[in-house]
1. Filter the range A:234-272 down to residues that are over 17 Å from A:I184 (Cβ atoms), away from DNA strand C (no atom under 13 Å from the Cβ) and assigned to a loop (DSSP other than H, G, I, E, B), then give me how many there are.
2. One residue is enough: does the range A:144-158 have a residue meeting the conditions charged (D, E, K, R), within 28 Å of A:R11 (Cα to Cα) and in contact with a strand residue (DSSP E or B) (Cβ under 8 Å, 6 or more places away or on another chain)?
3. Hey, could you check the range A:109-129 for residues that are in contact with a Leu (Cβ under 9 Å, 6 or more places away or on another chain) and more than 10 Å from DNA strand C (Cβ to nearest atom) and say which is farthest from A:Q48 (Cα to Cα)?
4. Would you mind finding the one in A:R110, A:R22 that is free of Cβ contacts under 8 Å to residues at least 60 places away in the same chain and more than 15 Å from the chain's Cα centre (by Cα)?
5. Within the range A:33-68, can you find the residues that are on the phi < 0 side of the Ramachandran plot, of a type outside the set (D, E, K, R) and within 16 Å of DNA strand C (Cβ to nearest atom)?
6. Given the residues A:S185, A:S265, A:S219, A:S199, which is the only one that is touching a residue at least 12 places away in the same chain (Cβ under 8 Å) and more than 16 Å from DNA strand B (Cβ to nearest atom)?
7. Looking only at the range A:1-32, count every residue that is in contact with a strand residue (DSSP E or B) (Cβ under 9 Å, 6 or more places away or on another chain) and part of a helix (DSSP H, G or I) and tell me the total.
Amino acid sequence: MPELPEVETVRRGLEPVMTGQRIAKADIRREGLRWPFPENMTARLEGQRVERLRRRAKYILVDLDGGESLIIHLGMSGRMLISDGDDLIKHDHVVLDMENGVRITFNDPRRFGMMDLCATEALDEHRLLKDMGPEPLGNAFDAKYLGERLKSRKMPIKSALLDQKTVVGLGNIYVCEALWRAHISPTQKAGDISTKKMSRLVPTIRDVLTEAIDSGGSSLKDYRQADGELGYFQHSFAVYGREGEPCKAADCGQNIARIVQSGRSTFYCPKCQK
DNA sequence: AGACGTACCTGACCGC
DNA sequence: TGCGGTCAGGTACGTC
């Protein structure tokens, strides 16, 4: 899926076409995705005016004027596409026609995505959101917090950063990229990372995510921005998907390696990352 | 509490 | 062309 930069890019794409508009028609085309959709979803969406779109972690939150918010997660393969009423295609699961004639279509082949409705003021207690760690681009995420949180943790730093309770928004790509930039081995035990490295890691995570957002996210497979444009941060990957290719650090000469950690590929430079 | 593995899905790609 | 195996941007949940 879409990690934080891709989700934020989608949010920014939807914002101008949805904000202030009423949902004229909601077409819920199956019972659910990963889980069943909420009760009476169609009725709870139709006629609602969108007040604003926010992002928390990898979730898009659509605040409606009736006091509820639509929670959207794109899973691994979810996309939000904007059109003026295109014919439906395979895996179009939810179609929202706005009063301005814009159609928002949620398409998700693997159906790992999620949607739910929740009172806006109770979002912090929603089961999907309540245990989330801090936003990586927010003030609460700093070296002190991260050090405390990971103190005495035995799991590899790669796994610790993928855990959304540690910090939200990172996924397999950006964890690999951030660890390479910070010269930290993905296999290092999280609790063993020095304070010095920890203080290097935090700004590195912020930088890689910020740069990716500025590039419109990364387009792999069929991920696209809401307007159909491709992001281009994938051209900036230093390690992700580059097994066997030379490390991009000047004078390194080592090739990028791939290992598997808790069932997922990790790409790193064995020479630069200790 | 923390650290695992498993499950949920479809589609693309590779080797035979 | 077809078939089986592998892999993919995520995360909740069960079990030890």
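1. So the answer is 5.
2. We begin by selecting, within the range A:144-158, every residue charged (D, E, K, R); these are A:144, A:148-149, A:151, A:153-154, A:158.
In the following step, the residues that additionally are within 28 Å of A:R11 (Cα to Cα) were identified as A:158.
Then drop every residue that is not in contact with a strand residue (DSSP E or B) (Cβ under 8 Å, 6 or more places away or on another chain), which leaves A:158.
Scanning the range A:144-158, I find at least one residue that is charged (D, E, K, R), within 28 Å of A:R11 (Cα to Cα) and in contact with a strand residue (DSSP E or B) (Cβ under 8 Å, 6 or more places away or on another chain), so the answer is yes.
3. By that ranking, first place goes to A:L123.
4. Numbers: A:R22 fails: free of Cβ contacts under 8 Å to residues at least 60 places away in the same chain.
Matching residue, one of A:R110, A:R22: A:R110.
5. A:L33, A:W35, A:P36, A:F37, A:P38, A:Y59, A:I60, A:L61
6. Details: A:S185 fails: more than 16 Å from DNA strand B (Cβ to nearest atom); A:S265 fails: more than 16 Å from DNA strand B (Cβ to nearest atom); A:S219 fails: more than 16 Å from DNA strand B (Cβ to nearest atom).
Unique residue meeting the criteria: A:S199.
7. We begin by selecting, within the range A:1-32, every residue in contact with a strand residue (DSSP E or B) (Cβ under 9 Å, 6 or more places away or on another chain); these are A:1-2, A:4, A:7-8, A:10-15, A:17-30, A:32.
Pick out the ones that are also part of a helix (DSSP H, G or I) and you get A:4, A:7-8, A:10-15, A:17-18.
Summing the residues that are in contact with a strand residue (DSSP E or B) (Cβ under 9 Å, 6 or more places away or on another chain) and part of a helix (DSSP H, G or I) in the range A:1-32 gives 11.
Residue-by-condition table, conditions (1) surrounded by 16 or more Cβ atoms within 10 Å (Cβ to Cβ); (2) within 17 Å of the chain's Cα centre (by Cα); (3) not basic (K, R):
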site: A:D131; (1), (2), (3): no, yes, yes
site: A:P136; (1), (2), (3): yes, yes, yes
site: A:K144; (1), (2), (3): no, no, no
site: A:L150; (1), (2), (3): yes, no, yes
site: A:L161; (1), (2), (3): yes, yes, yes
site: A:N172; (1), (2), (3): yes, yes, yes
site: A:C176; (1), (2), (3): yes, yes, yes
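The values are calculated or read from the model by the stated rules, or taken from the named source; none is laboratory data. Note that the structure is a prediction, hence the values are computed from the model and not measured. Every residue, glycine as well, gets a Cβ built from its backbone with ideal geometry; the counts of neighbours run over all protein chains shown.
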